[in-house]
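Here's the structure, in structure tokens; my notes come after.
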Amino acid sequence: MAINKVKGTYDVCPNESYLWQRLEEEIRALMKLYNIKEMRTPIMEYSEVFHRQSELSDMVTKETYNFDDRGERRLTLRPEGTAGIIRAYVENKLYASGELEKVYYIGPNFRYERPQKGRYRQFYQFGVEAIGAIDPALDAELIILAYDFIKRLGLKGVRVRINSLGDEDSRQQYHHALKTHFDPHMETLCDDCKIRIDKNPLRILDCKIDQNHPALLNAPTPQDYLNTDSRHYFTSILEHLHMAGINYEIANRLVRGLDYYSHTVFEIEADIEGFGAQNVLGGGGRYQKLVKELGGPDLGGIGFAFGMERLLMAIDAENVDFAKEPILEAFILTFQPDYRSLATKILFQLRQARISCDMNYTQKSFKSQLKQAIKQQAKYLIIIGEDEYKRGVVGVKNTQTEVQDEVVVAKVPKYLKERLGK
Ligand code: AMP
């Protein structure tokens, strides 16, 4: 019996993998422009990297894949990128240089969520972290980068939604105000929110069950509780964004899904046909306590992440002229199966000349070989007919102009290199 893929996962088949490669190329090129280097960390970590006392988000408490390995170590498949990067930043003492560390990652995350369109249990994220400094210019830099990235994908109506949760002091004030606000409604809130009131009332604002509860809709906003320093910090970021001409709006109620955020939180949206509320492509925020919580020095950072599947869906929906399937440069057709050894020789020579090429290994008839060549959109056909074979030449046909030349076998690479402009 055939075995199916795990629920909430998907396969990338050969006819779509070029889209992923194209997106990754775009990311890597952009990272060079911003002078950001890649970091690769394991997909599994000791559970305490994610399951920290201060972290009460659903993502960590309800959606992680946890298991004991054969040595009875408690491990977790990473549900997000930041905590693992910070663990590695601390463990590799990247802070020792005293410089800001800017890194990016591309990789799979795992969350036990209810699968639906655009929501998977294994999904990929591209993310950036800038660790070791707190400065409005740095927050602005990351927001501008995230905005720039989405604009480059050719999406329309790109905008930033931004809010500030303030520093620790402001957060405490806000925490207190929310608790006072929600306490009288305790009985009518969901079971999780009843716990959140004491532990982290901010979480209530993100609750999927209570999202339309009247008490949520008229809850105080973090803006009302920013102290002077936090307000200045936020205003300064907005000034930077304004100077750079970024399309942003202040989102009073934005708190984002993780407990480690303070000061800046933001999301990037675009207008995407048929996406509705799923038009949030990614987001992030500043974290001031995470490095210390994971055993490092008292340094802050800021980061963001985009879901790669959602980006590809957006590109697809908007019909962006983004991903052109790579075109094969040459395809060899043989009139007789016996000529395949000559074809093999030519293929090898062409590939040494860095010309992409292929032939058909299963179909014997010339017609079906030709069909495959057309399907592959080959630029040139190399035809080995009976007469040509005997004379040590091949026919080389440009599939666009339909012009066909006779070329001596040994000269085929040179002939094609010239015409392909290589
Ligand atoms: P988060 O890490 O929850 O802030 O999510 C950042 C981005 O990752 C979201 O805007 C989505 O694009 C993507 N994302 C989060 N969870 C999933 C999922 N289960 N499946 C696919 N994409 C996801």
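Descriptive notes on the structure:
- Where helices (runs of 4 or more DSSP H) fall wholly inside segment 335-410, the ranges with 2 or more residues that are closer than 21 Å to Glu325 by Cα are 340-352, 366-375.
- Annotation note: of Arg87, Arg78, the sole residue that is basic (Lys, Arg), under 20 Å from Gly295 (Cα atoms), at pLDDT 95 or above and within 16 Å of the ligand (Cβ to nearest atom) is Arg78.
- Considering (1) more than 16 Å from the ligand (Cβ to nearest atom); (2) polar (S, T, N, Q); (3) free of Cβ contacts under 8 Å to residues at least 40 places away in the same chain, the lone condition that Ser54 does not fulfil carries the number (3).
- Hey, Lys62 in contact (Cβ under 8 Å) with a residue 40 or more places away in the chain and loosely packed, with under 12 Cβ neighbours inside 10 Å or not: yes
- Scope segment 185-207; condition basic (Lys, Arg) and in contact (Cβ under 8 Å) with a residue 24 or more places away in the chain; matching residues: Arg196, Lys199, Arg203
- A count restricted to segment 280-302 and to residues that are small (Gly, Ala, Ser) and near the ligand (Cβ under 8 Å from one of its atoms) stands at 3.
- When Leu153, Leu189, Leu165 are screened for being within 16 Å of the ligand (Cβ to nearest atom) and within 30 Å of Gly8 (Cβ to Cβ), only Leu153 passes.
- Taking segment 325-341 as the range and being in contact (Cβ under 8 Å) with a residue 40 or more places away in the chain and among the charged types (D, E, K, R) as the test, the residues that pass are Glu325, Glu329.
- In the set (1) acidic (Asp, Glu); (2) within 14 Å of the ligand (Cβ to nearest atom); (3) free of Cβ contacts under 8 Å to residues at least 60 places away in the same chain, the condition left unmet by Asp224 is number (2).
- Looking only at segment 237-259, residues that are closer than 19 Å to Ala130 by Cβ and within 12 Å of the ligand (Cβ to nearest atom) come to 2 in all.
- Enumeration of residues in segment 195-225 that are within 19 Å of Ser54 (Cβ to Cβ) and part of a loop (DSSP other than H, G, I, E, B): Asn200, Cys207
- Residues of segment 239-267 classified as assigned to a strand (DSSP E or B), in contact with a helix residue (DSSP H, G or I) (Cβ under 8 Å, 6 or more places away or on another chain) and among the β-branched types (Val, Ile, Thr), total: 2
- Leading residue by the ranking (nearest to the ligand (Cβ to nearest atom)) among those in segment 3-32 that are in a loop (DSSP other than H, G, I, E, B) and farther than 23 Å from Arg114 by Cα: Glu16
- When Ala323, Ala314, Ala277, Ala305 are screened for being outside any helix (DSSP H, G or I) and within 14 Å of the ligand (Cβ to nearest atom), only Ala305 passes.
- Matching residues, segment 107-145, being more than 22 Å from Glu269 (Cβ to Cβ), in contact with an Asp or Glu (Cβ under 6 Å, 6 or more places away or on another chain) and within 13 Å of the ligand (Cβ to nearest atom): Tyr112
The values are calculated or read from the model by the stated rules, or taken from the named source; none is laboratory data. Just so we're clear, the structure is a prediction, and the values are computed from it rather than from any experiment. Note that each Cβ is placed from the backbone with ideal geometry, even for glycine, and that neighbours are counted across all protein chains shown.
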